[in-house]
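The values are calculated or read from the model by the stated rules, or taken from the named source; none is laboratory data. Every value quoted in this text rests on a predicted model; they were computed, and no experiment measured them. Here Cβ is always computed from backbone atoms with ideal geometry, including for glycine, and neighbour counts include all displayed protein chains. All accessible areas refer to the heavy atoms of the entire protein, side chains included, with ligands and DNA or RNA removed. Shrake-Rupley method; radii C 1.70, N 1.55, O 1.52, S 1.80 Å.
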Amino acid sequence: MNDILILILRRLRMPIVTLVAVYAIAIFGLVLMPGTDPDGKPWHMSVFDAFYVMSYTATTIGFGEVPYPYSYAQRLWMTVSIYLTVIGWAYTLGSVFALARHPAFRIALGRHRFQARVRRMTDPFFVVCGYGQSGRRLVTALDEIGFGTVVLEPDPDRARAHLVRDTRQPSALLVADARSPEALDLAGLRMPNCAGLVALAGDDEVNQSIAISARVISRETQVLARVKSAGARETLEAVGDVFVVDPFETFAVNFGMALRQPDMLRLEEWLSGVPGADPPPRIEAPRGHWVIAGYGRFGRSVARVLEAAGLSYRAIDLDAAHCGEDGILGSGLAKEAMVEAGIGEACGIVAATDVDANNLAIVNNARRLKPDLFVVVRQNLAGNRSLIEAARADMEFVQSVVMSNEIVQLLTTPLLNRFLMLARSRDDAWSVGVAARIRDRVGEEVPHSWTIDCDPSLLGARRAFQERPDPPLRLAHLLRDPDDPTRALNAMPLLLVSAGRDVLLPEEQTTLHAGDRILFAGEAGVEGLQRRTLGDDGAVDYLRTGIEPPRTWLGRLLAGRQGQGVAAAQAPGPGS
């Protein structure tokens, strides 16, 4: 707001001075002009009367000549004053319109509106730095699950796409460089309800600067950054408390699971998918020789997985620097290059160039040479979805999809990522069993996932852990409806974090303690019932004892007297 006032005073100083001078000259001139009263005696208008006359004259209201008809001298001066005020107002209004169109004023006004909108956010929100393909998809995903967003984007053309987007949750946009501490401060990074910041710029150095600035401004805020190079990853990991996401490495991990643990991959995609969506298909990549067309960062990430799995591959690339000693210099569109890469003996093809049309052509060319290939294709631009669908690929790499899914999981349900990391050490049979148990509870659709904290500051949790710990609160109590303990809730505990220990698939009879955290998967609405249980001492007692506590003050009074009577009856007598 200070910037706006400074600009107004600076740009409108001379117009305001001019307008004041014009009115002053007109008023005092009108005071000096002689007139006559009805008796023919000379009179002069007072300063107040002159100000009143000039006010209604300049605003074109025109009440007439007051208090007496004007003399010719007064009418002559009024004529001069009218033209003076018209010129003064024209100059002033022109300056006002020019100020309204001035870029600096519009930027300052936009910042003020942005700051006011951010300050009105009372629920948790995330700051998204960068509004490219990944940023747009992330904002949409966060909006769908109920989080507000604050977007910082330096490119006005990219930012314009956010202005025409409707969001369910509050959202604010500022065209600014997120590397600036001032911009991060305006975005509400210091606000207590800021749940995290995500740096999604296209350059590693920019993301490093944003993440480091955010970590300096607010040590408590969760910070996540996209990286492309190993050097950027090492830098941010050295800073500490910064989550680093590399979409190419994330897909490479998934591709490796498709080779070794296809059922685990399906379980991961099912649990981390959009709630309510159809279950993902089971993808099992074949083991054998592979051809990689396009040996950039994505192609090299896939190649490292194949090497770790002990599988052979040949890479094709137009850049000799990418090919290396064993690579083939050429295009994946050429039959000769495909044959030299061993497409005849290959079990799969990876179309990994940075041009979507070329990837589609590479897939079609490889299928003409060998129809039964397992196809992995890379999609670069969101608008080219039809090209990738035409490839009929078995696995697709869409950077914005991989990024948004990974980030949403890390930001909103960090225990889910912890569960999945632990689950990868199990075999496929374990994954099949877990998926079957979840389907029995929830159904085929992608379940909701959430984390419940046994926070002793909650009324119900304090009753269970401190005031009346007997009978103990068990995990099974959180799987019952607080209004009807006979009804089981459609949810399944996946992970229990208790006293530094991680327990996969904890038993329902497990006793809970203060500070425990439980990851659940289940139907929508179950989370709210569980939080109500831990927030209501009556609900906790009802679930543990099966006896419904009194809800009214009269019932509590009678129950208290009854308890005192029972205690008195059980007390030993004086002669005992």
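For the residues 442, 434, 401, the requirement of being surrounded by 16 or more Cβ atoms within 10 Å (Cβ to Cβ), within 28 Å of residue 227 (Cα to Cα), in contact (Cβ under 8 Å) with a residue 60 or more places away in the chain and among the β-branched types (Val, Ile, Thr) singles out 401. Specify the residue that is modelled with the lowest pLDDT; the eligible residues are those in region 31-60 that are under 28 Å from residue 18 (Cβ atoms) and open to solvent by 100 Å² or more (accessible area, probe 1.4 Å). That would be 60. Taking (1) in contact with a Pro (Cβ under 8 Å, 6 or more places away or on another chain); (2) aliphatic (A, V, I, L, M); (3) within 30 Å of residue 196 (Cα to Cα) in turn, residue 127 satisfies each apart from (1). Taking the listed residues 122, 167, the one that is out of contact with any Pro (no Cβ under 8 Å at 6 or more places or on another chain), farther than 20 Å from residue 218 by Cα and polar (S, T, N, Q) is 167, with no other qualifying. Checking each residue in region 188-205 for being more than 24 Å from residue 399 (Cβ to Cβ) and either without any contact (Cβ under 8 Å) to a residue 24 or more places away in the chain or surrounded by 21 or more Cβ atoms within 10 Å (Cβ to Cβ) (or both) picks out 188, 189, 192, 194. Would you mind stating whether residue 235 is in contact (Cβ under 8 Å) with a residue 60 or more places away in the chain, among the polar types (S, T, N, Q) and part of a helix (DSSP H, G or I)? Criteria not met by residue 235. Here is the figure for region 211-232: residues that are open to solvent by 60 Å² or more (accessible area, probe 1.4 Å) and either within 16 Å of residue 406 (Cβ to Cβ) or in a helix (DSSP H, G or I) (or both) total 4. Picking from residues in region 260-274 that are closer than 24 Å to residue 429 by Cβ and either assigned to a loop (DSSP other than H, G, I, E, B) or among the polar types (S, T, N, Q) (or both), the one that is farthest from the chain's Cα centre (by Cα) is 261.
For every residue, the table says whether it meets (1) acidic (Asp, Glu); (2) in contact with a strand residue (DSSP E or B) (Cβ under 6 Å, 6 or more places away or on another chain); (3) within 30 Å of residue 337 (Cα to Cα).
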{"position": "225", "(1), (2), (3)": "no, yes, no"}
{"position": "238", "(1), (2), (3)": "no, no, no"}
{"position": "242", "(1), (2), (3)": "no, yes, no"}
{"position": "247", "(1), (2), (3)": "no, no, yes"}
{"position": "261", "(1), (2), (3)": "no, no, no"}
{"position": "295", "(1), (2), (3)": "no, yes, yes"}
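Filter region 83-134 down to the residues that are modelled with pLDDT under 90 and more than 28 Å from residue 5 (Cα to Cα) and list them by number. Hits for region 83-134 are 132, 133, 134.
The number of residues in region 357-370 that are assigned to a helix (DSSP H, G or I) and out of contact with any strand residue (DSSP E or B) (no Cβ under 6 Å at 6 or more places or on another chain) comes to 9.
Of the residues that make up region 108-118, is at least one free of Cβ contacts under 8 Å to residues at least 24 places away in the same chain, within 28 Å of residue 11 (Cβ to Cβ) and assigned to a helix (DSSP H, G or I)? Yes, that holds for at least one residue.
The condition (being hydrophobic (A, V, I, L, M, F, W, C) and open to solvent by less than 50 Å² (accessible area, probe 1.4 Å)) is satisfied by just one residue among 255, 243: 255. A search for C-beta distances below 8 Å between a residue of region 78-91 that is under 11 Å from residue 30 (Cβ atoms) and any residue that is among the small types (Gly, Ala, Ser), counting only pairs 6+ apart in sequence or on different chains, returns 80/26; 80/29; 81/26; 81/29. A search for C-beta distances below 8 Å between a residue of region 56-73 that is in contact (Cβ under 8 Å) with a residue 24 or more places away in the chain and any residue that is assigned to a loop (DSSP other than H, G, I, E, B), counting only pairs 6+ apart in sequence or on different chains, returns 68/37; 68/38; 71/33; 71/34; 73/33; 73/34. Scanning region 515-549 for residues that are open to solvent by 60 Å² or more (accessible area, probe 1.4 Å) and modelled with pLDDT of 90 or more yields a count of 5. Counting only residues that are without any contact (Cβ under 8 Å) to a residue 24 or more places away in the chain and open to solvent by 20 Å² or more (accessible area, probe 1.4 Å), region 485-509 holds 7 of them. Scanning region 134-154 for residues that are open to solvent by 60 Å² or more (accessible area, probe 1.4 Å) and either part of a helix (DSSP H, G or I) or out of contact with any helix residue (DSSP H, G or I) (no Cβ under 7 Å at 6 or more places or on another chain) (or both) yields 136, 137, 144, 154. Scanning region 483-503 for residues that are part of a strand (DSSP E or B) and either polar (S, T, N, Q) or within 29 Å of the chain's Cα centre (by Cα) (or both) yields 486, 491, 492, 493, 494, 495, 496, 497, 498, 502.
Yes/no per residue for (1) closer than 28 Å to residue 435 by Cβ; (2) in contact (Cβ under 8 Å) with a residue 24 or more places away in the chain; (3) more than 30 Å from the chain's Cα centre (by Cα); (4) open to solvent by 10 Å² or more (accessible area, probe 1.4 Å):
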site	(1), (2), (3), (4)
276	yes, yes, no, yes
295	no, yes, yes, yes
299	no, yes, no, no
303	no, no, yes, no
313	no, yes, yes, yes
326	no, no, yes, yes
340	no, yes, yes, yes
345	no, yes, yes, yes
358	no, yes, yes, yes
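Within region 164-181, is even one residue outside any loop (DSSP other than H, G, I, E, B), out of contact with any helix residue (DSSP H, G or I) (no Cβ under 7 Å at 6 or more places or on another chain) and open to solvent by 20 Å² or more (accessible area, probe 1.4 Å)? There is no residue in region 164-181 that is outside any loop (DSSP other than H, G, I, E, B), out of contact with any helix residue (DSSP H, G or I) (no Cβ under 7 Å at 6 or more places or on another chain) and open to solvent by 20 Å² or more (accessible area, probe 1.4 Å).
Scanning region 371-398 for residues that are among the polar types (S, T, N, Q), surrounded by 17 or more Cβ atoms within 10 Å (Cβ to Cβ) and either free of Cβ contacts under 8 Å to residues at least 12 places away in the same chain or assigned to a loop (DSSP other than H, G, I, E, B) (or both) returns a single hit, 380.
The residues in region 1-22 that are assigned to a helix (DSSP H, G or I) and either open to solvent by less than 40 Å² (accessible area, probe 1.4 Å) or of a type in the set (A, V, I, L, M, F, W, C) (or both) can be counted, and the count is 14.
Considering region 93-106, the residues that are surrounded by 12 or more Cβ atoms within 10 Å (Cβ to Cβ) and without any contact (Cβ under 8 Å) to a residue 40 or more places away in the chain include one that is nearest to residue 12 (Cα to Cα), namely 93.
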